[in-house]
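Below is one structure, written out as structure tokens, with a few remarks after it.
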Amino acid sequence: MLQLDDVTLFVGKGDNITPLLADVRLSFPQGHFVAIIGPSGCGKSTLLKVIAGVAQGEEEGTISWNGRNLSEEDFSPSEIGYVPQFSIAHDDLTAMECVQYAMSLRVVAKPGVSPQEECRLILEKVRLHEAANRLVRVLSGGQKRRLALAMELVSSPAMLLADEVTSGLDPNSEDEIVRLLAKIAHEGNRLVLSVTHSLQNIEMYDSVVVLYQGVVAYHGPAEFLTHYFQVENPQKLYSQLGNQSAKSWEQSWQKHKDAFLESIRAIQDEDPVIENTEMVTFESTEDEAPVLEESFDIESEKSEENPKTLEVEAEEVEETDPNFASIPSAYSQFSTLFGRRLRIFFRNRMQLLLQLGLIFGFPLLVAVFAWNGLPQVKNLSMNLDLDVVHQLMEAKDFLVQASKIGSLVSGIVMFQVILLTLMGANNSGREIAAERLILEKEKLAGVRAASYVASKAAFLGILVFAQSIWMGLFIHFICQLPGELMMQLLLLLLANAAMTAICLGISSFMPTAEQASLVSIYLVGFQLPLSGAVLALPQWLGDIVRPFIAAYWSWSGVLQTLKGERYYDIIQTVAQTHLSPTPLCVWVLFLHVLVGLFIAWVGCQRTRWE
Ligand code: ADP
């Protein structure tokens, strides 16, 4: 049984503090199908979020589930299914793949049971089996809702919270979904709470909660709704609510509910066709006389018994509570998430083409700038057998040439590094922010933030490797950039990895993918001027910002690999800032990668449903 006692939720701070829910008292037995209705903005979704434990704000009151106080002991992830308003499936996966991934992430496979077969049965249950191999992006609105339900059913949760799963559907699809929810509740002995703005199928629910401006105005059988509110049909309910203040509705309900429900029970006992005998267990308050007192006029004998049937049921439910399905290990979740990311990547042709374009196009861009200058690097010579005048002329020529080549080498290395940091920002800027709500949903279902971040790191690592190594090899061999190749490759790879990791961290904190992308691009934009490679920075500014500029460390490290070259001293003089030793550059870049991943992990741990 789920019981809410005086649940209140405040949002805002100081003078702007507002209650979104006030003193909500409700209780629901197992196997019950409940509609939560009320005008838009009355707090229906907020109530579901409070129950699911994902509401943001300050909560008061207690919520208990099968006798457990949820503020002390949270739901086990497999106990609760939450179908939010937004889509929780990736567009590039098929319906079957979505259910399979949901199952691998949430439930340990049972020995002797084929997960494939289980997923097929679930899809059949929600009547989506015929569309099992269709991509999510081509499913209709109704099919997407069914899929969302299927993805929740993989862990066979004892409670299912459904937020507006019928909104925007045609009447037929809406009927079907409501029927399906009723079946899920009754056949699986589940508590199903469904937020809906639609009053079309209201009689199919076992009970109806009417919320109005954050308070409970009614919780009882649908067939007595019109009587209680004195309206001809449920469609007139919302306009009737507007005729009284929220406080009046709440007080009226608190005052009359016990007698009202007892009367209903008495009527139902006489008429066995009506089966809704298990209703609320609210307590009356001593509040002032309600405004709607006259609306309550059901004539019936008062039952002598104290209507406590629900409490007995709650004990029974507790005893028969099943063992919760255990959650797969962190490694198992990591490999599922990694496999899913790779599949989505290879299925999205545009993304694939863009990546190939970047990997092969950017080194070409660098090569265009290097084309005329770099072949001279190898040919740079000074013949000292000549007479003094010629020697001086040669030396002058050498200095001029070396200076030009030094600038060119420094510029080309920086260009390479900047393009790699740009690829890094492009790799990960949107990665988490774009699927934030899916992540939140999956965290609620037991997915660990560490497994998630590790799967992103592994996937992005492949991109970083391909982009950086190809860039390094291409420039080294095609443009004949001198220096120690392996160290250059490592430094280029680390520059890309550092930016990828930092932008992944940014992505985990940003509210939208667009904002995350923008901030990541700005970060790349600052790399060049703040690196000091092109324009010298004031000493104090350089010392402050340099530790954070990945491009500087990579550029500086790569230039240090040219130490054996004759014109290295000239490179040092044309570089506008001092160069740091290669090992230090490697360590600083490595630290950037670790810090970026840590920020991403912290960002993913935070709850962000809005
Ligand atoms: P609905 O009944 O339509 O599902 P909601 O529960 O989504 O309504 O929202 C109830 C009210 O609370 C709305 O007016 C909404 O704007 C407001 N609200 C929801 N979440 C927040 C929040 N985090 N901070 C401030 N106001 C909020």
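Which cross-chain or sequence-distant (5 or more) residues have an amide H under 5 Å from the amide H of residue 61, H modelled 1.01 Å from N in plane?
Here 8 satisfy the definition.
Could you work out what % of the accessible surface of the range 69-182 is carbon and sulfur, using a 1.4 angstrom probe and leaving DNA, RNA and ligands out of the count?
Numbers: 2180 of 4630 Å².
The computed percentage sits at 47.
Compute the distance from the alpha-carbon center of the range 1-71 to that of the range 102-155, in whole Å.
When both Cα centres are located, 29 Å separates them.
Distance in nm between label sites at residue 175 and residue 395, each 7 Å beyond Cα in the beta-carbon direction?
Those two pseudo-labels are separated by 9.9 nm.
With θ taken as phi - 60° and the coefficients 6.51, -1.76 and 1.60, list the Karplus ³J(HN,Hα) couplings across the range 54-62 in order, rounded to whole Hz; mark glycine and proline as x.
Values per residue, Gly and Pro as x: 10, 6, 9, x, 9, 9, 10, x, 10 Hz.
Angle check, please: helix 485-509 long axis (alpha carbons) against the longest principal axis of the chain (alpha carbons), in degrees 0 to 90, nearest 10.
Helix 485-509 sits roughly 30 degrees off the main axis of the chain.
On the accessible surface of the range 325-366, probed at 1.4 Å, how many percent belong to carbon and sulfur atoms? Walk me through the numbers on the way to the answer.
Values: 1680 of 2330 Å².
Carbon with sulfur: 72 percent of the solvent-accessible area.
Which entries in 44/144; 257/441; 396/563; 44/183; 144/247; 110/144 show an alpha-carbon gap greater than 29 Å? Can you show the working numbers first?
Details: 44/144 22 Å; 257/441 36 Å; 396/563 22 Å; 44/183 22 Å; 144/247 38 Å; 110/144 27 Å.
Beyond 29 Å: 257/441; 144/247.
Between residue 198 and residue 16, what is the spin-label point distance in nm, taking each point 7 Å from the Cα along the Cα→C-beta axis?
For residue 198 paired with residue 16, the spin-label model returns 3.6 nm.
Give me the percent of the accessible area of the range 453-610 that comes from carbon and sulfur atoms, probe 1.4 Å, all protein chains in place.
Working: 5090 of 6940 Å².
About 73 percent, which is the carbon plus sulfur part of the accessible surface.
I'd like the orientation of helix 115-125 relative to the chain: the angle between its Cα long axis and the longest Cα principal axis, in ° from 0 to 90, rounded to 10.
Approximately 50 degrees, to the nearest ten.
Quote the charge dipole size of the range 71-134 about the Cα centre in Debye, to the nearest 20; the model charges only the Cβ of Lys and Arg (+1) and of Asp and Glu (-1). Each step should come with its number before you reach the end.
Details: 6 positive and 11 negative charges, 64 e Å.
Dipole of the range 71-134, to the nearest 20 debye: 300 debye.
Mind checking the angle between helix 449-478 and the chain's longest principal axis? C-alpha axes, 0 to 90 degrees, to the nearest 10.
20 degrees
Once amide H atoms are built 1.01 Å from N in the peptide plane, which residues 5 or more positions from residue 21, or in another chain, come under 5 Å H to H?
Result for residue 21 returns 9.
Give the accessible surface of the chain per residue, rounded to a whole number of Å², with probe radius 1.4 Å and ligands, DNA and RNA excluded. Please report the intermediate quantities before stating the final value.
Values: 27550 Å² over 610 residues.
Accessible area per residue, the chain: 45 Å².
Roughly how many debye, to the nearest 20, is the charge dipole of the range 69-176 about its Cα centre, given +1 on each Lys and Arg Cβ, -1 on each Asp and Glu Cβ, and no other charges? Could the numbers behind the result be given before it?
On the way: 10 positive and 18 negative charges, 88 e Å.
Magnitude of the dipole: close to 420 debye.
Please turn the phi angles of the range 557-574 into ³J(HN,Hα) values with the Karplus equation 6.51 cos²θ - 1.76 cosθ + 1.60 (θ = phi - 60°), one per residue in order, whole Hz, x for glycine and proline.
x, 5, 4, 5, 6, 9, 3, x, 7, 5, 8, 4, 4, 6, 4, 4, 6, 6
Listed highest first by mean packing, meaning other Cβ atoms within 10 Å per residue, what order do 519-529, 553-563, 169-179 come in? Don't skip to the answer; put the middle values down first.
On the way: 519-529: 17.9, 553-563: 26.5, 169-179: 16.3.
Going from most to least packed, we get 553-563, 519-529, 169-179.
Among 53-60, 85-92, how do they line up by average Cβ neighbours within 10 Å per residue, starting with the highest?
Numbers: 53-60: 15.8, 85-92: 18.0.
In descending order of packing, they fall as 85-92, 53-60.
Highest mean first, what order results for 25-37, 182-194 on Cβ atoms within 10 Å?
Details: 25-37: 23.2, 182-194: 19.5.
Highest to lowest by the protection proxy: 25-37, 182-194.
The values are calculated or read from the model by the stated rules, or taken from the named source; none is laboratory data. Quick caveat, the model's predicted, so the values are computed rather than measured. Heads up, the Cβs are rebuilt from the backbone with ideal geometry, glycines too, and the neighbour counts pull from every protein chain shown. Heads up: the accessible areas ignore ligands, DNA and RNA and are worked out on the full protein's heavy atoms, side chains in. Shrake-Rupley method; radii C 1.70, N 1.55, O 1.52, S 1.80 Å.
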